[in-house]
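Right, one structure below, let's go through it.
The values are calculated or read from the model by the stated rules, or taken from the named source; none is laboratory data. Just so it is clear, the model here is predicted, and its values are computed rather than measured. Note that we place each Cβ from the backbone using ideal geometry, even for glycine, and neighbour counts take in every protein chain shown. These area figures cover heavy atoms from the full protein model, side chains too; ligands, DNA and RNA do not enter into them. Shrake-Rupley method; radii C 1.70, N 1.55, O 1.52, S 1.80 Å.
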Amino acid sequence: MDSDQKKLDTLCINTIRMLSADGVQKANSGHPGTPMGLAPLAYLLWTQFLKHNPKNPNWGDRDRFVLSAGHASMLLYSLLHLSGYDLSLEDLKAFRQWGSKTPGHPEYGHTPGVETTTGPLGQGIANAVGMAMTERFLAAQFNRPDHNLVDHSTYVIAGDGDLMEGVGAEAASLAGHLQLGKLICFYDDNKITIEGGTDLAFSEDVGARFEAYGWHVVRVGEVSGVADFEALSRAIQSAQAESGRPSLLVVRTHIGFGSPNRQDTAKAHGSPLGAEEMKLTKAHLGWPLEPAFFVPDEAKARFSKVAENGQKSEAAWQERWTAYAAAYPELAKQWEAAIHRNLPDGWDQALTDFKTKGSPATRVTSGEVLNELAKTLPTLIGGSADLAPSNNTELKGQGYMSGKDFSGRNIHFGVREHAMGGILNGMALHGGVIPYGGTFLVFSDYMRPSIRLAALMGLPVIYVFTHDSIGLGEDGPTHQPVEQLAALRAIPNLTVYRPADATETVAAWRLAILNASGPTALLLTRQGLPVLDRNHYPSAKLVEKGAYVLMEAKDKKPALTLVATGSEVCLAMAAGKQLVSEGIAVRVVSMPSWERFDAQDESYQRSVLPAPGAAILAIEAASPFGWARYVGPNGAVVGIEGFGASAPIEDLMREYGFSLENVLTRAKALLKSI
């Protein structure tokens, strides 16, 4: 590398450093140190190795870049701006301000070029694993020996915190097992956390750990400037050439690089450098004190080539696509449908024609529906956290994804619920697939951070949560969910369904597939449930309303309304019929989804649940938390205030008050109290 090139590269690196530091300083909030330390690595990656087109951030065969260390967001924003994405210098100046395109941590769908929402540490690693798995799956589905349609890598920058969090470890373990050779992770080993040096709590050999996972590990050494580019380039090239293992590149950086008094200190991590230290830093790096957010013309010219190269890369891919579409027109149509999430005509016909026998558990019906959907939705893909036989999540005859064959549509996630949640998010973010994952409802607690992020990003992920109440029986309170249902309902933009029988389960699955703007949770029983005869009761299509009247009171004037979800609907129906026989006007409501019901207009809501002040009794084998807004000031709830117990289901339901006798007693007491 000649001296002029070194000067230009150093100028560009310092441009990234100072844009990041200026953004944090102006906001008086943020994390300047990590962007300053990572600037050389990020510059080299984005200008020499990353395949992307700033003019079309959604190009299907682009490389994916994940900043798992989301607190270093100004690094990403600086790169996006300089590379020509739709992110202006004014946007950088508005860092962390109301309505800006540069929030405190990267947010998917908010800023062009941001592939995922990161900040909760470790999640980005799991997302990247999901993206890499999806790339391999789509390549197996669509590539042909003479046509390479899907061929891109996933790059992720992770810090010490990402590698301390359990979700990162779980995801890395699975990535190694699956031999994800197109996944390349940079470990930013800057040896600093908020409280001080990483050695306060973190002394393991990270590289050795990842080698044990089955990763290709390169210990790059120090990367602080252009003098380190040769070694870093060799490391990246070796990672790109490694087809049978994911790669971890251990890079020693210096947090707050260039800051005379903050470099390599915890003070550089989560606070602005301060006006005086900014002056000292700029002087130390030979940077003009004014203006802030200065971008030299030479740096602009250098970064302009990123967009030029990106457009050339996409144009070359478009040529391949044209040839592919001519050679394989049907596959090309399937690719277009998959990448745009267009559902084929008649995809749900099997659900319309679906028949059930006996009194199946809703988890059993769910498994049958899932397999019917798999016949018409070829990119429906997922699995379970080692509970497929219990969750009924296996797609029969569709094979299992492995390091030797990525075409399988079933995934063995292993006992890794948290990673499964993050990986499902990565799969949805990548696009081209409809991902689902299953476990017991009680273990949704392990997944909650990932579920929350799916809701925040509006990702169409489907969760199959079985064993949904104390009705699972003898396994006892460790496995019996009580508060989990309320916890899931508390997450904005997560749609939760707890179907009452097989017919509602079919309807819920259809709505889950149609939901492209957020995740869906299906809560399903272990125990069998009677199937409501829809020749005598309203259509299960009314599940789309969230709640509907199953049994109406005389003249539509109920003295009492019984509202229930899931397995308790049949109990509500039995109680309602008994009360009617005693001359009491009763309405029975099935309420499979609070979120869908809340989305209805007030007129419909009042046609189902009477106005506040009426006698409304809710019945649900879970925490009563949240029911007050539906039952009103004069209503009551038959729920569970404590934990479950180990016993047969019949004994549990009786002891916890989910018996016909108790519901009748509670209903009559409620009527007397009003």
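In segment 392-445, which residues are among the small types (Gly, Ala, Ser) and touching a Lys or Arg at 6+ places or on another chain (Cβ under 7 Å)? Spell out how you get there, then give the answer.
Within segment 392-445, the first condition is being among the small types (Gly, Ala, Ser), and the residues that meet it are 397, 399, 402-403, 407-408, 414, 419, 421-422, 426, 428, 431-432, 437-438, 444.
Within segment 392-445, Gly399 is the sole residue that qualifies.
Just for segment 574-584: of the residues that are open to solvent by 10 Å² or more (accessible area, probe 1.4 Å) and touching a residue at least 40 places away in the same chain (Cβ under 8 Å), which one is farthest from the chain's Cα centre (by Cα)?
Checking each candidate, the answer is Ile584.
Could you please tell me which pairs satisfy a Cβ distance under 7 Å, a separation of 6+ or placement on different chains, a first residue in segment 473-484 that is touching a residue at least 60 places away in the same chain (Cβ under 8 Å), and a second residue that is open to solvent by less than 60 Å² (accessible area, probe 1.4 Å) and acidic (Asp, Glu)?
Between residues of segment 473-484 that are touching a residue at least 60 places away in the same chain (Cβ under 8 Å) and residues that are open to solvent by less than 60 Å² (accessible area, probe 1.4 Å) and acidic (Asp, Glu), the close pairs are Pro481/Asp468.
Is it the case that segment 265-287 has a residue that's of a type in the set (S, T, N, Q) and not in a helix (DSSP H, G or I)? Please lay out each step first, then the result.
In the first step, residues of segment 265-287 are kept if they are of a type in the set (S, T, N, Q); the result is 265, 271, 281.
Now drop any that are not not in a helix (DSSP H, G or I), which leaves 265, 271.
Yes, that holds for at least one residue.
Any chance segment 127-144 includes a residue that's more than 23 Å from Pro460 (Cα to Cα) and either in contact with a strand residue (DSSP E or B) (Cβ under 9 Å, 6 or more places away or on another chain) or open to solvent by 10 Å² or more (accessible area, probe 1.4 Å) (or both)?
Within segment 127-144 (the criterion being more than 23 Å from Pro460 (Cα to Cα) and either in contact with a strand residue (DSSP E or B) (Cβ under 9 Å, 6 or more places away or on another chain) or open to solvent by 10 Å² or more (accessible area, probe 1.4 Å) (or both)), the answer is yes, since at least one residue qualifies.
With the checklist (1) on the phi < 0 side of the Ramachandran plot; (2) open to solvent by less than 10 Å² (accessible area, probe 1.4 Å); (3) of a type in the set (Gly, Ala, Ser); (4) not in a strand (DSSP E or B) in hand, flag the one item Gly476 doesn't pass.
Result: Gly476 fails condition (1) only.
Of the residues Lys375, Lys333, only one is over 26 Å from Asn58 (Cα atoms), without any contact (Cβ under 8 Å) to a residue 40 or more places away in the chain, open to solvent by 70 Å² or more (accessible area, probe 1.4 Å) and not aliphatic (A, V, I, L, M); which?
The conditions single out Lys375.
Given the conditions (1) open to solvent by 10 Å² or more (accessible area, probe 1.4 Å); (2) over 24 Å from His152 (Cβ atoms), report the number of the one that Asp405 does not fulfil.
It is condition (2) that Asp405 fails.
Among residues belonging to segment 236-259 that are touching a residue at least 24 places away in the same chain (Cβ under 8 Å) and hydrophobic (A, V, I, L, M, F, W, C), point out the one that is farthest from Ala72 (Cα to Cα).
Within segment 236-259, the first condition is being touching a residue at least 24 places away in the same chain (Cβ under 8 Å), and the residues that meet it are 236, 239-240, 242-259.
Checking the rest, the ones that are also hydrophobic (A, V, I, L, M, F, W, C) come to 236, 239, 248-251, 255, 257.
Working: Ile236: 21, Ala239: 24, Leu248: 19, Leu249: 18, Val250: 18, Val251: 16, Ile255: 11, Phe257: 14 Å.
Within segment 236-259, the match that is farthest from Ala72 (Cα to Cα) is Ala239.
If you check Met427 against the conditions, is it touching a strand residue (DSSP E or B) at 6+ places or on another chain (Cβ under 9 Å), more than 20 Å from Leu178 (Cα to Cα), open to solvent by less than 10 Å² (accessible area, probe 1.4 Å) and in contact (Cβ under 8 Å) with a residue 12 or more places away in the chain?
Numbers: touching a strand residue (DSSP E or B) at 6+ places or on another chain (Cβ under 9 Å): yes; more than 20 Å from Leu178 (Cα to Cα): no; open to solvent by less than 10 Å² (accessible area, probe 1.4 Å): yes; in contact (Cβ under 8 Å) with a residue 12 or more places away in the chain: yes.
Judged against the criteria, Met427 is not a match.
For segment 477-497, enumerate the residues that are in contact with a strand residue (DSSP E or B) (Cβ under 8 Å, 6 or more places away or on another chain) and within 15 Å of Pro460 (Cα to Cα).
Correct list: Leu494, Thr495, Val496, Tyr497.
Can you tell me which residue in segment 646-674 is least open to solvent (accessible area, probe 1.4 Å), limited to those that are over 15 Å from Ala622 (Cβ atoms) and among the small types (Gly, Ala, Ser)?
Ala667
Residue-by-condition table, conditions (1) surrounded by fewer than 18 Cβ atoms within 10 Å (Cβ to Cβ); (2) in contact (Cβ under 8 Å) with a residue 60 or more places away in the chain; (3) touching a Pro at 6+ places or on another chain (Cβ under 6 Å):
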residue: Pro272; (1), (2), (3): no, yes, no
residue: Glu277; (1), (2), (3): no, no, no
residue: Phe303; (1), (2), (3): no, yes, no
residue: Glu308; (1), (2), (3): yes, no, no
residue: Ala326; (1), (2), (3): yes, no, no
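When you scan segment 557-564, do you find a residue that is touching a residue at least 24 places away in the same chain (Cβ under 8 Å), surrounded by fewer than 21 Cβ atoms within 10 Å (Cβ to Cβ) and over 18 Å from Leu671 (Cβ atoms), even just one? Step through it out loud before you land on a result.
If we filter segment 557-564 for residues that are touching a residue at least 24 places away in the same chain (Cβ under 8 Å), which is where we start, we get 557-564.
When the remaining residues are screened for being surrounded by fewer than 21 Cβ atoms within 10 Å (Cβ to Cβ), the result is 557, 559.
With the extra rule that they be over 18 Å from Leu671 (Cβ atoms), the set shrinks to none.
No, because not a single residue in segment 557-564 is touching a residue at least 24 places away in the same chain (Cβ under 8 Å), surrounded by fewer than 21 Cβ atoms within 10 Å (Cβ to Cβ) and over 18 Å from Leu671 (Cβ atoms).
If I ask for residues that are under 13 Å from Ala21 (Cα atoms), in contact with a helix residue (DSSP H, G or I) (Cβ under 7 Å, 6 or more places away or on another chain) and surrounded by 20 or more Cβ atoms within 10 Å (Cβ to Cβ), which ones from segment 72-109 would you list?
Ala72, Met74, Leu75, Tyr77, Ser78, Leu92, Phe95
Out of Ala268, Ala235, Ala239, report the one residue that is touching a Pro at 6+ places or on another chain (Cβ under 9 Å), farther than 23 Å from Pro32 by Cα, surrounded by 15 or more Cβ atoms within 10 Å (Cβ to Cβ) and modelled with pLDDT of 95 or more.
Ala239
Test of understanding: among Ser469, Ser450, Ser444, which residue is touching a residue at least 60 places away in the same chain (Cβ under 8 Å), touching a Gly at 6+ places or on another chain (Cβ under 6 Å) and open to solvent by less than 20 Å² (accessible area, probe 1.4 Å)?
Checking each option against the conditions leaves just Ser450.
Can you say whether Thr10 is open to solvent by 30 Å² or more (accessible area, probe 1.4 Å) and among the hydroxyl-bearing types (Ser, Thr, Tyr), as far as the supplied structure shows?
Numbers: open to solvent by 30 Å² or more (accessible area, probe 1.4 Å): yes; among the hydroxyl-bearing types (Ser, Thr, Tyr): yes.
Yes.
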